[in-house]
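Just so you know, all these numbers are worked out from the coordinates, no wet-lab data involved. Everything quoted here is computed from the prediction, not taken from an experiment. Because the Cβ atoms are built from the backbone with ideal geometry, glycine has one as well, and the counts that use them run over all protein chains shown.
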Amino acid sequence: MDFPIRKIVHIDMDAFFASVEQLDNPELRGKPIAVGGGSERGVVAAASYEARPFGVRSAMSGRQAKKLCPDLIFVQSNGARYREVSEQIRDIFYEYTDLVEPLSLDEAYLDVTQNKKGMVSATQIATEIRAKIQAKTQLTASAGISINKFLAKVASDYNKPNGQKTIPPEEVLTFLEELDIRKFHGIGKVTADKMYRQGIYTGADLKKRTLEELSEKFGKSGKYYYYVVRGIHTSEVKPTRIAKSVGAERTFSKNLSSEIYMEERLAEIVAALQKRMGKKKVAGKTVTLKIKYSDFIIQTRSKTLPLYISDASLILEEAKKLLYQEELQDSVRLLGVSLSNFKNEKKQDPIEEQLKLPF
């Protein structure tokens, strides 16, 4: 079976939310800023590059961010403005291809194998797109270019900010063998630490492990690791991206320590979840409860049912069961409920061959 010949570009805006704020407010330029996180219990949504050397990152509490960077300036999030700029950027993508898969407001995959400009070089396409983004929005973007989505995503982080990297077919295997496993997309900090403890530091180390070994150590993800380290990732760029899950969550003004009060909040959360589900017209088998404790440790509890459900009362019933599944570790600052494992999901096995293509 032949490996599909693709030229994939991953575009990732540089510190997008923070950069938009600095663009609109000249007095913020060159200063460490955080979007969100300014309230007593706020969480940072994005940090400018000036704030990052201090250790300020997204998903960090505003209180912790301020301790790390006393001069940090908090800016209120402006979702409407970010969407406006994102649409301008997306319009540029569609000048080159209709195969655009947005991951969020600030990043997307593009399949430019066959493109509207008839250009042979995916590298040149990425260069043009980044230049047009800067000319139109005065913002910078980084890009990764390679033979599949996994490699393009890894490459886009390589020369950030305002840079790009191409991994042509003939360099794929060498690049992956030399790459620190911490830089593999899909390998988080916990998994990377686990791999380090087992003597897996680079792609070359990972490649020495058999499919059976990796499956035993890392479950279903082991199969993914086995193939991507060999440059094999067959996921297509999907212009109409199917959501893998639908969820809703709430952060509380005061921590909750009683499951009785949490039940009331769960009912509100599930009601919001059903509204979102109604728009997407989905039903799923897996209910997941997300719990964020007062110390910011996140725990998830999931249950997969034999039948697909979409009714709020059934989802709430399962969420409550998950809440009482085990004793809470601490008081709770956030609860979330999501539904996944939808009817329309299709599984695809990796393809074991790979053809070369000119870049």
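Take the Kirkwood radius over Cα pairs of the stretch 171-228, plug it into Stokes-Einstein at 25 °C and 0.890 mPa s, and you get 220 µm²/s for translational diffusion. When the chain is described by a simple charge dipole with +1 on each Lys and Arg Cβ and -1 on each Asp and Glu Cβ, the residue from 226, 80, 257 located farthest towards its positive end is 257. Among the GluC sites (Glu not before Pro) within the stretch 1-57, those in coil by DSSP and having at most 15 neighbouring Cβ atoms inside 10 Å are 40. In terms of distances greater than 32 angstrom between alpha carbons, the cross-link table entries 149/281; 217/290; 67/165; 66/149; 66/321 yield 67/165; 66/149; 66/321. The residues 236, 212, when put in order of fewest to most other Cβ atoms within 10 Å, stand as 212, 236. The share of alpha-carbon pairs in the stretch 210-290 lying farther apart than 17 Å comes to 67%. On the principal axes of its alpha-carbon atoms, the stretch 130-194 has extents of 43, 30, 16 Å, going from largest to smallest. Seen from all directions on average, the stretch 245-341 presents a Cα convex hull projection of 5.6 nm².
Loop-located chymotrypsin sites (Phe, Trp or Tyr not before Pro) across the stretch 254-327 with a Cβ neighbour count of 15 or fewer within 10 Å are 296, 324, with loop assigned by DSSP. Summarising the amide proton neighbourhood of residue 119: residues at separation of 5 or more, or on other chains, whose placed amide H is nearer than 5 Å comprise an empty set. Using alpha carbons only, how many angstrom separate the centre of the stretch 81-137 from the centre of the stretch 160-181? If you average the Cα positions of each part, the centres end up 21 Å apart. Taking all Cα pairs closer than 8 Å and separated by 6 or more residues, the relative contact order of the chain comes to 17 percent. Each residue of the chain gets 160 Å³ once the volume of the Cα convex hull is shared out per residue. Here is the result for the stretch 121-216: no chymotrypsin sites (Phe, Trp or Tyr not before Pro) lie in DSSP coil with at most 11 other C-beta atoms within 10 angstrom of their C-beta.
Dipole orientation for the chain: of the candidates 70, 300, 152, 300 has the Cα lying most toward the positive pole (charges on Cβ; Lys, Arg +1; Asp, Glu -1). The ranking of 224, 94, 82 by Cβ neighbour count inside 10 Å, starting from the fewest, reads 94, 224, 82.
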